[in-house]
Amino acid sequence: MNHRCLRPTALLPATLALAMLCLAGGRPFPGGRRFVAVTPAAGEPDAARLSVVATDHSSDGRRLALRVVVRNDSDEPVRGVRLVLRLLAAPHAHARELDRFYRSMDIGIAPGARAMVRWDVYTVYAGEVGPTGFVLQAYAVERGGVTFPPPPGWRE
């Protein structure tokens, strides 16, 4: 018997175990931080603002995996989207901010349409224990031929 060669059937249990771990990706791991979507505090109306709904989010201790829908509620097409993610120390809008992330996306959204967005954010705060909050905001880069400036504090 040749001990240097693994039979394909010997790899099947390991492959199945790995597949189960991947499928469980939507659930937080024990000891991982539980993130709660928070509605941002009311502020001044912003013509560049887009609607955002977090459809799924999970943490594996190293990253926060977000799945969101960005919706264009206006009658004009949107070209380009800027996302701002704020991680909060507690699940309410006025909690202390732990970290902030920025992302620009070169996508178009037709009037009344929506776009699915996947965003994996690697942060040290994903591995801490206890509930926290996040606020995700989306802004149009251009809508109906009008170009908007970046939101306040924008960094890329």
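The residue list 96, 86 contains one member that is at pLDDT 55 or above and buried (at least 16 other Cβ atoms within 10 Å of the Cβ), which is 86.
Just one of the listed residues (129, 124, 78) is at pLDDT 95 or above and among the hydrophobic types (A, V, I, L, M, F, W, C), namely 78.
Applying the selection to region 99-115, what residues are of a type outside the set (Gly, Ala, Ser), touching a residue at least 40 places away in the same chain (Cβ under 8 Å) and open to solvent by 30 Å² or more (accessible area, probe 1.4 Å)? Don't jump to the end; show me each part of the working.
Start the filter on region 99-115 by keeping residues that are of a type outside the set (Gly, Ala, Ser), which leaves 99-103, 105-107, 109, 111, 114.
In the following step, the residues that additionally are touching a residue at least 40 places away in the same chain (Cβ under 8 Å) were identified as 100, 102, 109, 114.
If the condition is that a residue be of a type outside the set (Gly, Ala, Ser), touching a residue at least 40 places away in the same chain (Cβ under 8 Å) and open to solvent by 30 Å² or more (accessible area, probe 1.4 Å), then 100, 102, 114 are the ones that fit.
A quick yes/no check of all residues on (1) open to solvent by less than 70 Å² (accessible area, probe 1.4 Å); (2) of a type in the set (Val, Ile, Thr); (3) in contact with a Leu (Cβ under 6 Å, 6 or more places away or on another chain):
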| position | (1), (2), (3) |
| --- | --- |
| 66 | yes, no, no |
| 70 | yes, yes, yes |
| 117 | yes, yes, no |
| 136 | yes, no, yes |
| 151 | yes, no, no |
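Here residue 58 clears all of (1) outside any loop (DSSP other than H, G, I, E, B); (2) open to solvent by 20 Å² or more (accessible area, probe 1.4 Å); (3) touching a Gly at 6+ places or on another chain (Cβ under 7 Å) except the condition numbered (2).
The values are calculated or read from the model by the stated rules, or taken from the named source; none is laboratory data. Source: prediction; values computed, not measured. All Cβ positions, even for glycine, are placed from backbone atoms using ideal geometry, and neighbour counts span all protein chains on display. Just so you know, the surface numbers come from the protein's heavy atoms only, side chains and all, with ligands and any DNA or RNA stripped out. Shrake-Rupley method; radii C 1.70, N 1.55, O 1.52, S 1.80 Å.
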